[in-house]
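The values are calculated or read from the model by the stated rules, or taken from the named source; none is laboratory data. All values reported here derive from a predicted model rather than from experimental measurement. Positions of Cβ are generated from backbone atoms using ideal geometry, with glycine treated the same way; all protein chains shown enter the neighbour counts. These accessible areas exclude ligands, DNA and RNA; they are computed on the full protein's heavy atoms, side chains included. Shrake-Rupley method; radii C 1.70, N 1.55, O 1.52, S 1.80 Å.
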Amino acid sequence: MTTNAILLEDGSTIAYTLKRTSRRRSIGLRISSDGLIVSAPPRITLHELNALLQSKTPWIQQKLAEQEAKTLPEIAWENGQKLLLLGNPISLYLAADAKNRAIEFDGATLDVRLRTPDDSDVIRRKVVQWYKQQALADFTRRTALLAQKLGVEMPPVMLSSARSRWGSCNSRGEIRLNWRLIQAHPLIIHYVVAHELAHLKEMNHSPRFWAIVEKLCPDYKKITADLKLVSNQLHAMA
Ligand SMILES: [Zn+2]
């Protein structure tokens, strides 16, 4: 086993572990928690290997990003913790106060004053509640704008905490959006809202449905891929 690196056009490198094995007849690529692992038969030269890895770089980078997202650390509910809001990093500031105060936010710092600033459960509940308030206001505003654009009546908008889905639309025309999306880039929220609104016209995932989504959100294919990448990170806040 040796450690090597793929040299990219921009001068950066991707490290990988090379395993030479006569059991293989072709080159195999695998992403593990330690990064990229390449298995290759002995007869393949480093030159050939490098050419193949260069051609696979987009796939490798995508998979490495997915792996990294999977192994993100949990949120520590303590001073200085970085959180996400609308795709921007913000920091948590905790301080003791004689009474629990409403959270204040100046665009960069979430200021939380509590009688018990080291009770992580209380902090988490308070911050999540604040995120839910921001989520409902933001999602309602976006839904109203897109509903008007689509020419449908403004549907009831509710928050969900689903583990497995970002949004849903039921047969009564109610839209549920996962509050955790408020952590994501606005384009991602825009896409999920557009997706659920499109279901008011097409209760399926037919080509006609996707044509409506595309009208509201031309970049939806790239954005769904982006959402997949950040999905684990968004779920870190529970
Ligand atoms: Zn759908």
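Available extension along the chain between A236 and D121 is 39.9 nm, counting 0.36 nm per residue and deducting the alpha carbon span.
Which whole number of Å³ per residue matches the convex hull of the alpha-carbon atoms in segment 2-70? Please list the in-between numbers first.
Values: hull volume 5.9 nm³, N = 69.
About 86 Å³ per residue, rounded to a whole number.
Based on Cα contacts under 8 Å between residues 6+ apart, the chain shows a relative contact order of 14 percent. If you take the alpha carbon atoms of segment 82-235 and fit the smallest convex hull around them, that volume is 116 Å³ per residue. Legend: residues E78, E196, sorted from most to least accessible area (1.4 Å probe; ligands, DNA and RNA excluded), read E78, E196. Heavy-atom accessible surface of E48, to the nearest 10 Å², is about 90 Å², with a 1.4 Å probe and all protein chains retained. For segment 30-100, trypsin sites (Lys or Arg not before Pro) meeting the loop criterion (DSSP other than H, G, I, E, B) and having at most 11 other Cβ atoms within 10 Å: R43, K99. Computed from the C-beta positions of S171 and A98, the FRET efficiency with R₀ = 35 Å rounds to 0.10. Residues with beta-carbon under 11 Å from that of A225, excluding A225: net charge, scoring Lys, Arg +1 and Asp, Glu -1? Here the charged neighbours net out to 0.
Efficiency by 1/(1 + (r/R0)^6): what FRET value for M158 and A65, r their Cβ-Cβ distance, R0 = 30 Å, to the nearest 0.05? Let's see the in-between values first.
Details: r = 32 Å, r/R0 = 1.06.
After rounding to 0.05, the efficiency reads 0.40.
For the chain, the solvent-accessible area of protein heavy atoms averages 58 Å² per residue (probe radius 1.4 Å; ligands and nucleic acids excluded). Too long at a 28 Å Cα-Cα cut-off: which of K56/K221; K56/K222; K126/K221? K126/K221, as the Cα separations exceed 28 Å there.
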